[in-house]
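Below you'll find the structure, written out as structure tokens, and then a few comments.
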Amino acid sequence: MPNISVVVPVYNVEKYLSECLDSLVNQTLKDIEIVCVNDGSTDNSLDILNSYAEKDSRIRIISTENHGYGHAMNTGFGAATGDYIGILESDDFTASNMYEELYKTAVANDADIVKSNYWNYRGGKKELARSLKDGPYDKVFSPRHDTIQIFSYTPSIWSAIYRREFIVENGIRFNETPGASFQDTSFNFMVLSCADRVVLKKDAYICYRRDNESSSVNSLKKVYCVFDEYKYSNDFLVSRGEKTADLKYLLPALAWSTYSWNYGRISAPFKYEFLERVINNFDAFWNKGEIKPKYWLNKEHLKECTHVLADKNCFLHRVYMGFQKREALLGYLKNKVHDHSRVYVYGAGIVGQEIAGMLEKHELSFNGFAVTSRDCSARELMGKEIVSLTEIDNMGCGNDIMFILSVKEATQPEILSMLRERGYRDVIVMTNEMRKYLVKFEGYDIHGLVCGLL
């Protein structure tokens, strides 16, 4: 029986897989097995796995059809034979001493879980994530009894090892919803709910890759998966009865934080429906008496939640009207831009760059930035030319030119008057109200919406 089984879920990662496997076969802890679950890869991932397995008998390959992350992890955990189980994502890699250090700590403390910090890795550079914040480090504790704040830490389930018997005895399994994502959310909650002996280590070992475009954290397609994870967690608590009953009050606090983060990253067309579902979920929590202040470690989140629930229909209506206004303004702007052969963002300051970024995001072409006069040598900004009004006057385009006036509101009347005197009639003035809906509204997270709309 090996000391540790490391489960590696693999799906179309030929670009990173060798670096991952190299970090495992070179571990200072030699008594390990490496369980690679090939989840129906269609690139060269399986060939890479086979080439490593031919050289190292500790590597086991299990190939399945593409069932998704949860199924792959359950398959790997089911096949593992080690005293402890570790996880390494196939686009990440780790320091050579990771599993030796974690295993020694686990044995010395008879631990159910040993968890460490990790490195964020992007563009060949790494930065300490400090995912475990201030610990507590190097002492045994039970999360549900002693240190409830650990539930709010970044899941990072791969920066830990888990006693295999502990996993089996508690019936802990990954959510296998096909095509889903964020299954680490429920897994992390379940293991912390059940563990009696946890040890945290301050050291960081794994390099967590943040520049893989296909990573689930970068995917906007799986909008509602996070709701499934909290339902799965709640169902697990129900199945355990009184053993973890109090933790049902913790779930809403954790969910609000996760939903807020997810709301900020999803595409605009999904935001209203997502927010509506969030509020309906929390209305149900409220009606069941499951929102209890002492379980909300972040009191600002509690304040936001209770303010919204006090008049959820009014809040949703105001958000809906905000989205409607934004879409109407975008439609108006698109029509005006398409009606002119030359379009300039008037203003090259912060407001001008803000509006230019919004135009580019919505694939609305413009010719450049217009300024009253160029008093510097700069000819470009954001890849667009900077031109003075005199230069535009000399083009002789007349009525075929449109300006999007993007300067501070206090200076807009003066500039608008000056443009009209020069014969320019097609000017859209970007007031603060328009900027709110065109630039800022789409990017609001839930906290921003609460502050902005209540």
Phi-based couplings in Hz for segment 159-175 (Karplus 6.51, -1.76, 1.60; Gly and Pro marked x) = 8, 9, 10, 10, 4, 4, 4, 4, 5, 5, 4, 9, x, 7, 9, 6, 5
query = Based solely on its DSSP helices, what 222 nm [θ] is calculated for the chain when runs of n ≥ 4 H residues each add -39,500 (n - 2.57) and the sum is averaged over all residues, nearest 500 deg cm²/dmol?
reply = -13000 deg cm²/dmol
Normalised contact order of segment 143-297, rounded percent, pairs of Cα under 8 Å and 6 or more residues apart = 24
inquiry  = I need to check one value: relative contact order of the chain, counting alpha carbon pairs closer than 8 Å and at least 6 residues apart, in percent.
reply    = 12
inquiry  = Run through segment 302-363 and list the GluC sites (Glu not before Pro) located in a DSSP loop whose Cβ has at most 10 other Cβ atoms within 10 Å.
reply    = E363
Under-5 Å amide H pairs with S96, H placed in peptide plane, nonlocal only = none
query = For the pair N394 and I350, what calculated FRET efficiency results from E = 1/(1 + (r/R0)^6), where r is the Cβ-Cβ distance and R0 = 30 Å, to the nearest 0.05?
reply = 0.60
request  = Just name one of V35, Y272, S233: the one whose Cα is farthest towards the positive end of the charge dipole of the chain (beta-carbon charges, Lys/Arg +1, Asp/Glu -1).
outcome  = Y272
task = Would you indicate which of (i) 86, 55, 39; (ii) 80, 58, 39; (iii) 76, 46, 40 is the value of Cα extents along the principal axes in Å derived from the coordinates of this structure?
result = (i)
remark   = Per the charge dipole of the chain (beta-carbon charges, Lys/Arg positive, Asp/Glu negative, Cα centre), the residue among T64, P155, A356 reaching farthest to the positive end is A356
task = For E385 paired with D31, estimate the spin-label separation in nm (one decimal), with each label point 7 Å from Cα along the Cα-to-Cβ line.
result = 7.3
inquiry  = At R0 = 22 Å, how high is the FRET efficiency between S341 and S417 if r is their beta carbon distance? Nearest 0.05 is fine.
reply    = 0.35
query = Relative to the longest principal axis of the chain, what angle (0 to 90°, nearest 10) does the C-alpha long axis of helix 299-310 take?
reply = 70
query = What is the packing order of peptides 119-128, 36-45, 241-250, taking the mean over residues of other C-beta atoms within 10 Å and listing the highest first?
reply = 36-45, 241-250, 119-128
query = If you take every DSSP beta bridge whose two residues both sit in segment 355-446, what share of them, in percent to the nearest 5, is antiparallel?
reply = 20
ask   = Helix 312-338 versus the longest principal axis of the chain: what angle, 0 to 90°, nearest 10, using Cα atoms?
value = 50
request  = Any chance you could give the angle, 0 to 90 degrees and rounded to 10, that helix 350-361 forms with the longest Cα principal axis of the chain?
outcome  = 70
request  = Calculate how many DSSP beta bridges within the chain are antiparallel, expressed in % of all such bridges and rounded to the nearest 5.
outcome  = 25
inquiry  = If packing is taken as the average count of other Cβ atoms within 10 Å, what order do 19-32, 50-63 fall into, highest mean first?
reply    = 19-32, 50-63
ask   = Pulled fully out, how much extra length does the chain show between R277 and K312, if you take 0.36 nm times their separation in residues and subtract their Cα-Cα distance?
value = 11.5 nm
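Read-outs throughout are calculated quantities, based only on the coordinates presented, and are distinct from any laboratory measurement. Quick caveat, the model's predicted, so the values are computed rather than measured. Glycine gets a Cβ as well: all are built from the backbone with ideal geometry, and neighbour counts include every protein chain shown.
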